[in-house]
């Protein structure tokens, strides 16, 4: 399984935590018909679909971008000891998968300079914090954490009415430790790292663009989950906050990077998860980087 990619003056590492059948595909993508799914199984299964269970197969991972200046962590995955009562494979888990993958990339928690959270769902902020003597503390002792201010405000208002575990254990401790930077979703960190607004899955979701003088690589976050959504960008994911906006964002994103040299790094596509966007009829496909 390929986990490292070199692009110009940067190295990109996949930090994989889990990859398995997740939840029923037709529930996960509620506008996907049985007929359309059946027509696509020849290429979608087994990597992106488990025919035995009917589940969508997803990879849960982070990316580290090593630029000449910094080590940038894009999304922090699921984490240990976190509350996910509806997700048995995530709930209160205690494994070394993520940390072992970070070590395999030649990095430790002290080497991360910035953490970019594309949005604030639990499986993208989990390793923001770790449990230490009963308290949630920042996992990366030197890092600044970038959250969209609009995204943070949205989830904070919901949290005040109905507490959300991921805000309690993975977001607020970062705010309270004075380690967060609340930014706009088009923020530029420096000449190598920029954010790009990609709303729809959540109100102010962003993608992360990397490269000096252009987008040599782009990190999707959750603007797309499954390869079948590339072929059919109108397929919505069940928890998209604005489905119409999510569809338009997906189309715009794929049009922008289609048939370019930009390396597209997806969050949830099956391994190797990374490749170049090509046109496929009225939709698109990700041509995976060769191992």
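Readers should treat all values here as calculations from the given coordinates under stated rules, not as data from a laboratory. Note that the structure is predicted; figures quoted are calculated from it, not measured. Cβ placement follows ideal geometry from the backbone for every residue including glycine, while neighbour counts extend to all protein chains displayed.
Remarks
- Ascending count of other beta-carbon atoms within 10 Å, so fewest first, for 14, 238, 243: 238, 243, 14
- Per the Debye formula on identical point scatterers at the alpha carbon atoms of the range 7-126, with no solvent, log10 I(q)/I(0) at q = 0.10, 0.13, 0.14, 0.16 Å⁻¹ is -0.39, -0.63, -0.72, -0.87.
- Where the Cα pairs of the range 35-85 fall when distances are cut into 5 Å bins, in %: 4, 15, 15, 13, 12, 15, 13, 9, 4, 1
- This ranking places 59, 209, 258 by how few other beta-carbon atoms lie within 10 Å of each, fewest first, which gives 258, 209, 59.
- Antiparallel content of DSSP bridges confined to the chain, in %, to 5: 75 percent
- Each of the peptides 46-56, 107-117 was scored by the mean count of other Cβ atoms within 10 Å over its residues; in descending order, highest first, they stand as 107-117, 46-56.
- Per-peptide average of other Cβ atoms within 10 Å, ordering 121-132, 85-96 highest first: 121-132, 85-96
- The stretch between residue 175 and residue 43, if pulled fully straight at 0.36 nm per residue, gains 43.2 nm over its current Cα-Cα span.
- Placing pseudo-labels 7 Å out from each Cα toward the beta carbon at residue 279 and residue 251 gives an inter-label distance of 1.5 nm.
- The range 4-288: relative contact order as a whole-number percent, Cα under 8 Å and 6+ apart: 16 percent
- Taking a ≥ b ≥ c as the square roots of the eigenvalues of the Cα gyration tensor, the range 155-255 is oblate, since a/c reaches 1.5 or more and a/b is not larger than b/c.
- Rough spin-label spacing in nm, given labels placed 7 Å along Cα→Cβ, for residue 20 and residue 91: 1.4 nm
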